[in-house]
Amino acid sequence: MKDSDRGGTPVLITEAEPSYEDQFAARKRKYMIMMSLRIPCLLLAGLTYHTWWLALGFVALSVPLPWIAVLIANDRPPRKAEKVNRYRREATAIEAKNHEVIEG
């Protein structure tokens with residue numbers, strides 16, 4: 001955002017979005033958690049192959065996990081549509097507003 005877009009007023013820190021690095025780290029963490037769930041699902045499917053419906057359930061659960069993980073990792077949080085709260089100080093006048101004009 002350019003300084004001219006926001007009128008030169010500072011954004012209050014309490015209303016600022018998390019940094020891009022923080023958002024990226026959170027998305028990467030979600031991706032790693034979801035992808036790490038795929039291996040146990042496949043192992044459980046191999047261990048429960050005698051019960052075919054349970055093994056099939058574990059395989060069916062592990063198939064869409066990479067696709068869902070990529071969608072979540074590539075999705076940024078939506079931008080806030082609300083107006084940004086900015087600090088506004090009251091203007092102080094150097095001299096009184098009504099002053100006498102002497103014409104000569």
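What follows is calculated from the coordinates using simple rules that are stated; it is not laboratory data. All values derive from a computational prediction rather than experimental measurement. Glycine gets a Cβ as well: all are built from the backbone with ideal geometry, and neighbour counts include every protein chain shown.
Before anything else, pin down the relative contact order of the range 18-74: Cα pairs under 8 Å, at least 6 apart, normalised by residue count, whole percent.
RCO, the range 18-74: 44 percent.
What nm value, rounded to one decimal, do you get for the distance between Ser36 and Leu71 when each label is placed 7 Å out toward the C-beta?
If labels sit at Ser36 and Leu71, their model points lie 2.3 nm apart.
Using a basic spin-label model with each label point 7 Å from the Cα along Cα→Cβ, how many nm lie between Asn98 and Glu21?
5.7
Arrange Tyr49, Tyr31 by Cβ neighbour counts within 10 Å, fewest through most, would you? Please list the in-between numbers first.
Details: Tyr49 12, Tyr31 18.
In order of increasing Cβ crowding within 10 Å: Tyr49, Tyr31.
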